[in-house]
Amino acid sequence: MLKKLLAALAALALVAGLLALVASPANAHIPAISASCAAGVSVNLTSYNNGHLNGNQVTVTMDGRVRDSQNFGETFLNTYAWTSIAATHTWEVVVSAWDDPTGSQGWSVDQKGSVTGCETEVTPAAATSTNPYCTAAGVVGGGGYTIPTEQNGVQYQLWDGSKWADIASGAYAANPGAVIKIHAIATAGYTIKPGVDHAWTFTLTAPDASTCVVPTPPTSNPAECTSGSSTTASYTVPKTPAGYFFFLQGSNTPISSTSQDVTITVTTFPTTIVIVAKTNGDFRFPVNTKTTWTFDFGSPGDCRIPVAPADVVPQYAACTTPNAVVDNGYIVTETAGVTYQIKDGANWTTITAYGLHDLGSAASAVDIRAIASDAQHVLTGTVDWPFTFAAAHDCPVPAGDPVFVDGTCESTHPGSALLGSYTVIRAEHVHYVASVNGSTPPTPLIVGVANQAQPGDVVVITPIADVGYVISPVIAAENLTHTFLVSGNCLVKADFVKPDATSQSCVVAGKISTLVPAFITIPGMPHVQYFINDVRQTTAGDVTLPPATYKVSAAAETGYFLQGYNGPWTEVLASAQPCGDLITHPLVLPLATQVQLGCFTSGSYTLSNSINDTAVLTWTVNGATVSPGTFHVSSDSTVVVHAMAKGPAYGLEAGATTDWTFHFVRPTRCDLTTLALTGSTPLGWIGVGYAMLVCGLALIAVRYARRRDEQA
């Protein structure tokens, strides 16, 4: 009995172990897919294996078009709305999934279907009609109907007497008495909302054309000035035939007559008259007919005639020879509408004579004014002339204005300025003296000779009358004092360029190497001087120099300046590596390796190169520069690595790889409990299988040993 029991247990252990070793993991996949008119298509996928390298896949097709196709992990949840309007919608959802990382255990789901009764309810906009109306005197028109603007899901139709025909949106004309029948139907995917109006019938009516009248407009005649007086203001209402009357706004009493025009005078200003035309009986005005007129009446003013009096001209006593004079006086010119008066003490006396009024040779003063001769005129311009006359023995003479010229920069000589000058130009019975900056005694001036003045000088010129003469009172208006302007340094801007410095270099052509000397390039800029170590460079171009540090500066020529100059500059001419001692660096091969994440261990990636030199490559990880070495990764992530040679000293071997993308993914099932329930991780089952297999073999060995003992 014990033998049979051992044999049975051994066989059972062996079979169970083998089954555990070859058994496939399985997950409890739960797809939930539904569709409706309102919600669209809903996809809810749960309890899927996430261990396959390519992931699970789902594709959603709606109304014959693929709406979505993507990979997913353990779950996927999404709802897709319908993108078109239709009475019936079709759909299909295809799911492909795997139960193991290698993809050998795969399966798929393909569900499809359709939903009906998905029409969208619409409420048609109402069609409208317009009865014919008066469009002009004795003319009727403008009747018709209007189809509303195009609306999704709605098509309007017109009954043509025998059938319904589609009609586009817009306004349509129709004759009086026409009967218009219109209804709206739903297009594909739509339905008319129950209980709403979708059919209309219109019968067009129109007035009698003989009742269409147009009023003749009333007119206004405002008051205006004519020849110093004003006209009468009035408004006229034309006679009215049958059909309408004119009224003042707010009044119910007609102001018009059927037999003659009515003119009404306006005497109060300002006044606003509003006249309104109204129909009577069955008469009517055409649309947009003007039926209201507003007249604003304003006062024309005093209506006086403007007139400018002729100027009263003074005559001053003049010297023909010393102490021989022409008498003082004034000249009055006759002007229509103007009366001239002269002041006599506190009173004004009318001047009745025109022409020259002699005042004699004695000094005197007069005040003359002009007034309007009547109420029809009003004066403009100068109306008052006061004059003061000197005695004849003074022989007044005028003094001429001096000519002052300010100094300016000389355009042909930068940095140089022209001096200012002052000149007197009139000397009949007058001589001049000048005081410069308050100098005493003043300097006598020669007529016509330009006298130089420095910038900032204040020059005062005084006219002096010769014996037997005096300066005319108008000298108060003469320009006799002048301050000369300061023109500045008169420097002209010169453009400059900073010199370029070129260090010593080694040029290799084939097997021949040449040492190129260092140099500083002097720009050729007009009116600019350049210096190297304070030594002026007289020629533009390259100045060969030994490697060293140099002071470079610039300065403007006389009469010029450098705007924004920021020198002197320090230039370093470096030495080149000797041409015979060039270093040859080896080519390098970048190396990058990855260690994947384990259930309980970190992953890593290592950056190195074929010549083990950390100075030959530049490494970047996810865009950040790093040093070579090993980097540990403890969670799911993606690492993008790039290598670049540090040229020109180093270069990459032909075909070298410079870019890597490492995906770190930790296994999704690692604990024993999960393995027993889902079988999603094969290693657990393999361990159990091996254990059971060993147990089976041990039992066989025990049985075999017992048999040998029994035989012995």
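Summed over region 93-106, residues that are modelled with pLDDT under 75 and open to solvent by less than 70 Å² (accessible area, probe 1.4 Å) total 6. Within region 385-401, is there a residue that is under 60 Å from the mean Cα position of the chain (by Cα) and at pLDDT below 85? Yes: one or more hits.
Apart from one condition, S162 fits all of (1) free of Cβ contacts under 8 Å to residues at least 12 places away in the same chain; (2) within 54 Å of the chain's Cα centre (by Cα); (3) under 30 Å from G142 (Cα atoms); (4) not in a strand (DSSP E or B); the exception is (2).
State which residue is farthest from A242 (Cα to Cα) when the search covers only region 179-197 and only residues that are open to solvent by 80 Å² or more (accessible area, probe 1.4 Å) and either part of a loop (DSSP other than H, G, I, E, B) or hydroxyl-bearing (S, T, Y) (or both). Residue satisfying both the conditions and the ranking: A188.
Taken over region 122-137, the criterion of being part of a strand (DSSP E or B) and over 44 Å from the mean Cα position of the chain (by Cα) is satisfied by T128, S129, T130, Y133, C134, T135, A136.
Is it the case that D261 is among the acidic types (D, E), at pLDDT below 90 and either under 30 Å from L248 (Cβ atoms) or touching a strand residue (DSSP E or B) at 6+ places or on another chain (Cβ under 9 Å) (or both)? No, not satisfied. For the criterion of being farther than 30 Å from G355 by Cβ, over 58 Å from the mean Cα position of the chain (by Cα) and assigned to a loop (DSSP other than H, G, I, E, B), P286 fails. Of all residues in region 113-136, those satisfying the criterion of being open to solvent by 50 Å² or more (accessible area, probe 1.4 Å) and under 30 Å from V93 (Cα atoms) are S114, T116, G117, E119, T120, E121.
Residue by residue, here is whether (1) of a type outside the set (A, V, I, L, M); (2) open to solvent by 50 Å² or more (accessible area, probe 1.4 Å); (3) over 56 Å from the mean Cα position of the chain (by Cα) holds:
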| position | (1), (2), (3) |
| --- | --- |
| L418 | no, yes, no |
| S439 | yes, no, yes |
| P444 | yes, yes, yes |
| D457 | yes, no, no |
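Just a yes or no: is a residue in region 313-326 of a type outside the set (A, V, I, L, M), in contact with a strand residue (DSSP E or B) (Cβ under 7 Å, 6 or more places away or on another chain), open to solvent by 70 Å² or more (accessible area, probe 1.4 Å) and more than 30 Å from V274 (Cβ to Cβ)? The answer is yes, given that some residue of region 313-326 is of a type outside the set (A, V, I, L, M), in contact with a strand residue (DSSP E or B) (Cβ under 7 Å, 6 or more places away or on another chain), open to solvent by 70 Å² or more (accessible area, probe 1.4 Å) and more than 30 Å from V274 (Cβ to Cβ). In region 653-668, the residue that is most open to solvent (accessible area, probe 1.4 Å) out of those that are of a type outside the set (A, V, I, L, M, F, W, C) and closer than 15 Å to G55 by Cα is H663. The single condition from (1) more than 60 Å from the chain's Cα centre (by Cα); (2) open to solvent by 30 Å² or more (accessible area, probe 1.4 Å); (3) without any contact (Cβ under 8 Å) to a residue 40 or more places away in the chain that A372 fails is (3).
For (1) closer than 30 Å to A656 by Cα; (2) at pLDDT below 90; (3) part of a loop (DSSP other than H, G, I, E, B); (4) of a type outside the set (S, T, Y), each residue gets a yes or a no:
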{"residue": "R536", "(1), (2), (3), (4)": "no, no, no, yes"}
{"residue": "A554", "(1), (2), (3), (4)": "no, no, no, yes"}
{"residue": "T558", "(1), (2), (3), (4)": "no, yes, yes, no"}
{"residue": "G580", "(1), (2), (3), (4)": "no, yes, no, yes"}
{"residue": "H585", "(1), (2), (3), (4)": "yes, yes, yes, yes"}
{"residue": "L597", "(1), (2), (3), (4)": "yes, no, yes, yes"}
{"residue": "T614", "(1), (2), (3), (4)": "yes, yes, yes, no"}
{"residue": "H632", "(1), (2), (3), (4)": "yes, no, no, yes"}
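Take T544 and tell me if it is farther than 30 Å from E410 by Cβ and modelled with pLDDT of 85 or more. The answer is yes for T544. Here A501 clears all of (1) aliphatic (A, V, I, L, M); (2) farther than 19 Å from G559 by Cβ; (3) assigned to a loop (DSSP other than H, G, I, E, B); (4) open to solvent by less than 70 Å² (accessible area, probe 1.4 Å) except the condition numbered (3).
This table checks each residue for (1) within 30 Å of I85 (Cα to Cα); (2) not small (G, A, S).
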site: V139; (1), (2): no, yes
site: G142; (1), (2): no, no
site: E150; (1), (2): yes, yes
site: L158; (1), (2): yes, yes
site: G161; (1), (2): no, no
site: A168; (1), (2): yes, no
site: A174; (1), (2): no, no
site: A186; (1), (2): yes, no
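I275 satisfies every condition listed in (1) modelled with pLDDT of 95 or more; (2) surrounded by 17 or more Cβ atoms within 10 Å (Cβ to Cβ); (3) hydrophobic (A, V, I, L, M, F, W, C); (4) in contact with a Gly (Cβ under 7 Å, 6 or more places away or on another chain) except (4). When S210, S257, S234 are screened for being open to solvent by 40 Å² or more (accessible area, probe 1.4 Å) and either out of contact with any helix residue (DSSP H, G or I) (no Cβ under 7 Å at 6 or more places or on another chain) or not in a loop (DSSP other than H, G, I, E, B) (or both), only S210 passes.
The values are calculated or read from the model by the stated rules, or taken from the named source; none is laboratory data. What you see is a predicted model, and the numbers here were worked out from it, not measured in a lab. Glycine also receives a Cβ, built like all others from the backbone with ideal geometry; neighbour counts cover every protein chain displayed. Remember, those area values only see protein heavy atoms, side chains included, never the ligands or the DNA or RNA. Shrake-Rupley method; radii C 1.70, N 1.55, O 1.52, S 1.80 Å.
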